[in-house]
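Participant: If you scroll down you'll find the structure; I have some questions about it.
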Amino acid sequence: MIPAAFDYKRAGSAAEAISLVSEYGEDAKFLAGGHSLLPLMKLRLAQPAVLVDIARLTDLSYIRDEGNHVAIGALTRHHDVENSSVLRQHVPLLAHAASHVGSPQVRHRGTIGGSIAHADPASDLPATTLALGATYVAQGPNGTREIAASDFYTGFLESALAPDEMLTEIRVPKTTGATWGFQKFNRRAQDWAIVGVAAWRRGNECGVGLVNMGSTPVLATSVASAIAGGASVADAARLASEEAEPQADMNATAEYRRHLASVLVRRALESQSA
Amino acid sequence: MKITVTVNGKTREGDVEARTLLVQWVRESLGLTGTNIGCDTSSCGACTVHVDGESVKSCTMLAVQADGCSVTTIEGLANGDTLHPMQQAFMDNHGLQCGYCTPGMVMAAISLLQENPSPTEEDVRIGLEGNLCRCTGYHNIVKSVLAAAGK
């Protein structure tokens with residue numbers, strides 16, 4: 001399958017990329033690794049008239065220790081997130097989750113910013129960064145702004161980004177002293193999760209993100225409230241789906257997804273990985 | 001759009017439509033048909049090539065994205081009549097049956113060993129998760145990669 005015809009522009013800087021996308025409006029899309037966008041274009045589920053290639057903006061590929069958080073450039077590939085010594089030390093949940101995205105070939109091309117901007121509820125990194133309380137940085141024609149991950153996902157494949165805004169950085173608080181767990185339930189290697197859970201816990205404080213449990217990635221706040229109130233993991237995990245509205249598809253009924261979410265939240269919170 | 005790509009060590013120039021896939025350019029314009037198209041949806045890995053030394057699925061990359069890069073296909077591995085050690089290991093261990101997935105398997109396996117030169121059997125199985133084989137049950141493929149790693 002070949003995508004429908006489009007114009008291709010290669011940006012030399014973030015400012016140029018934003019200016020190009022502003023010029024073409026909603027007909028234009030940013031192209032990073034292309035591993036979410038190109039499959040949609042091949043299937044004619046997306047048909048942008050212009051692609052603005054930002055993959056060569058290497059100054060947006062970095063992982064920096066910023067004291068209480070780690071800053072990740074939006075164009076950092078999954079492969080580099082997975083293998084980052086800074087992330088493995090300070091936010092091991094994110095490095096581990098990145099190692100479960102697609103296959104090695106996909107991780108050599110796909111980027112963390114692309115995955116988050118694509119806002120697919122079935123993707124691993126949106127829910128994981130949501131669980132971690134990340135902040136996303138977006139750059140537009142009028143400057144930059146910060147968007148809390150919890151305010152970012154507005155609908156199926158929809159985010160708070162304006163059409164002419166580019167995600168430039170992901171800021172993830174360090175999980176020093178926390179245990180963490182990542183559970184991805186699928187039937188075949190490299191498939192999307194039927195349900196996935198990313199969770200960390202430090203004493204009575206925790207963050208739990210759900211993959212593929214509705215039209216957006218889900219922050220399981222009822223679980224966190226229960227843990228904060230002293231509930232056992234088993235009791236808290238029963239509340240896994242309180243914020244979720246899972247849908248049925250060929251892999252699972254909604255009811256089965258709710259069951260999986262409870263089991264996987266319990267396993268993720270019981271994990272002793274540190 | 002004009003592109004210049006180093007393919008198997010040689011500088012190749014092309015004038016492609018932006019929507020041309022890398023696999024399509026390699027096969028149809030350069031005649032390097034060793035790289036197969038399988039699922040065409042970045043699942044099966046049959047189209048795996050190396051871009052700047054790393055495995056990628058060339059059905060999910062535009063030729064224009066490879067402009068200025070170095071691409072290696074299965075044709076670029078052997079040195080004359082001497083097979084690449086990974087190709088030889090697949091041959092010695094019967095790591096193929098119909099052969100359709102083999103070019104992609106070999107390219108993915110070489111990339112795997114570059115990142116992890118001494119993998120365990122489990123590392124190999126996980127490392128090849130992006131490549132599907134419908135004949136072998138993977139057993140001899142894994143054996144081949146472990147044999148190549150031991151050399």
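Participant: Once the other residues with Cβ under 12 Å from the Cβ of residue A:257 are scored (Lys, Arg +1; Asp, Glu -1), what is the net sum?
Facilitator: Residues near residue A:257 contribute -2 overall.
Participant: What number does the protein assembly as shown give for Rg over Rh if you use C-alpha atoms and the Kirkwood radius?
Facilitator: Using Cα coordinates only, the ratio equals 0.98.
Participant: Sticking with this structure for a sec: Based on the alpha-carbon gyration tensor of region A:80-138 and its eigenvalue square roots a ≥ b ≥ c, which shape applies: rounded if a/c is under 1.5, prolate if not and a/b is larger than b/c, or oblate?
Facilitator: Cα axes put region A:80-138 in the oblate bin.
Participant: Given an 8 Å cut-off on Cα distances and at least 6 residues of separation, report the relative contact order of chain A as a percent. Walk me through the numbers before you get to the answer.
Facilitator: Working: 644 pairs, mean separation 43.5, N = 274.
Relative contact order for chain A comes out at 16 percent.
Participant: Here's something else I'd like to know. Against the longest principal axis of chain A, how steep is helix A:254-270, in degrees 0 to 90 to the nearest 10, with axes from Cα atoms?
Facilitator: 70
Participant: For the A and B pair, go ahead and give the buried accessible area with a 1.4 Å probe, both sides summed, in Å² to 100.
Facilitator: Accessible area lost upon association: around 2500 Å².
Participant: Report relative contact order for region A:154-239 in percent, whole number only (criteria: Cα-Cα under 8 Å, sequence separation at least 6).
Facilitator: 20 percent.
Participant: Continuing with this model, one more query. Using Cα centres only, tell me the gap between region A:157-186 and region A:205-274 in whole Å.
Facilitator: Going from one Cα centre to the other spans 17 Å.
Participant: Moving on to the next point. How much net charge surrounds residue B:38 when only the other residues with a Cβ under 10 Å from the Cβ of residue B:38 are counted, with Lys and Arg +1 and Asp and Glu -1?
Facilitator: On the way: positive: B:57, B:134; negative: B:40.
Within the 10 Å Cβ shell, the charges total +1.
Participant: Another one. Which value at 222 nm does chain A reach when only helices count, each DSSP H run of 4 or more adding -39,500 (n - 2.57), with the total divided by all residues and rounded to the nearest 500 deg cm²/dmol?
Facilitator: Counting only the DSSP helices, I get -8500 deg cm²/dmol.
Participant: Ok, one more. Relative to the first principal axis of the alpha-carbon coordinates of chain B, what is the inclination of helix B:102-115, with its axis defined by its Cα atoms, in degrees from 0 to 90 and to the nearest 10?
Facilitator: 80
Participant: Okay, next question. With each label point set 7 Å from Cα along the Cα-Cβ vector, what nm distance links residue A:156 and residue B:41?
Facilitator: Rounded to a tenth, the inter-label distance reads 1.6 nm.
Participant: Considering the dipole of chain A built from charges on the beta carbon (Lys and Arg +1, Asp and Glu -1) around the Cα centre, which of A:8, A:153, A:256 is farthest to its positive end?
Facilitator: Value: A:256.
Participant: In a shell of Cβ-Cβ distance under 11 Å around residue A:245, excluding residue A:245 itself, what net charge do Lys and Arg (+1) and Asp and Glu (-1) give?
Facilitator: Taking every other residue near residue A:245 into account, the sum is 0.
Participant: What is the dipole size for the protein assembly as shown, taken about its Cα centre, with +1 at each Lys and Arg Cβ and -1 at each Asp and Glu Cβ, in debye to the nearest 20?
Facilitator: Once rounded to the nearest 20, the dipole reads 820 debye.
Participant: Given a cut-off of under 8 Å on Cα pairs at least six residues apart, what relative contact order in percent is computed for chain B?
Facilitator: 25
Participant: Can I ask one more? Indicate the gyration tensor shape class of region A:179-270 (rounded, prolate or oblate), computed on the Cα atoms with a ≥ b ≥ c the square roots of the eigenvalues: a/c under 1.5 is rounded; otherwise a/b larger than b/c is prolate and the rest oblate.
Facilitator: Here region A:179-270 falls in the prolate category.
Participant: Between residue B:125 and residue B:17, what's the calculated FRET efficiency when r is the beta-carbon distance and R0 is 45 Å? Round to 0.05.
Facilitator: 0.70
Participant: Show which aspartates and glutamates lie in cross-link reach of residue A:184 when reach means a straight Cα distance below 20 angstrom and same-chain residues fewer than eight apart are skipped.
Facilitator: A:82, A:120, A:124, A:242, A:243, A:245, A:249, A:255, A:270, B:122, B:123, B:129
Participant: By how many degrees, 0 to 90 and rounded to 10, does the Cα axis of helix A:14-24 deviate from the longest principal axis of chain A?
Facilitator: Helix A:14-24 and the main axis of chain A meet at about 70 degrees.
Participant: Something else about it: Under a plain spin-label model, where a point goes 7 Å from the Cα along Cα-to-Cβ, how far apart in nm are residue A:68 and residue A:13?
Facilitator: Between residue A:68 and residue A:13, the label points sit 3.3 nm apart.
Participant: Next question. Given the pairs A:9/A:42; A:29/A:174; A:42/B:57, which span a C-alpha to C-alpha distance of over 23 angstrom in this model?
Facilitator: From the list (A:9/A:42; A:29/A:174; A:42/B:57), the Cα-Cα distance tops 23 Å for A:29/A:174.
Participant: Can you give me the C-alpha center-to-center distance between region A:97-149 and region A:1-54, rounded to a whole angstrom?
Facilitator: Between the Cα centre of region A:97-149 and that of region A:1-54, the gap is 18 Å.
Participant: Okay, helix-only estimate at 222 nm for chain B: each DSSP H run of n ≥ 4 adds -39500 (n - 2.57), divide by all residues, round to 500 deg cm²/dmol; what do you get?
Facilitator: Rounded to the nearest 500, it is -8000 deg cm²/dmol.
Participant: On each of the three principal axes of the Cα atoms of region B:85-149, give max minus min coordinate, whole Å, ordered largest first.
Facilitator: 28, 21, 17
The values are calculated or read from the model by the stated rules, or taken from the named source; none is laboratory data. None of these values were measured; they are calculated from a predicted model. Virtual Cβ from ideal backbone geometry, glycine too; neighbours counted across all protein chains shown. These area figures cover heavy atoms from the full protein model, side chains too; ligands, DNA and RNA do not enter into them. Shrake-Rupley method; radii C 1.70, N 1.55, O 1.52, S 1.80 Å.
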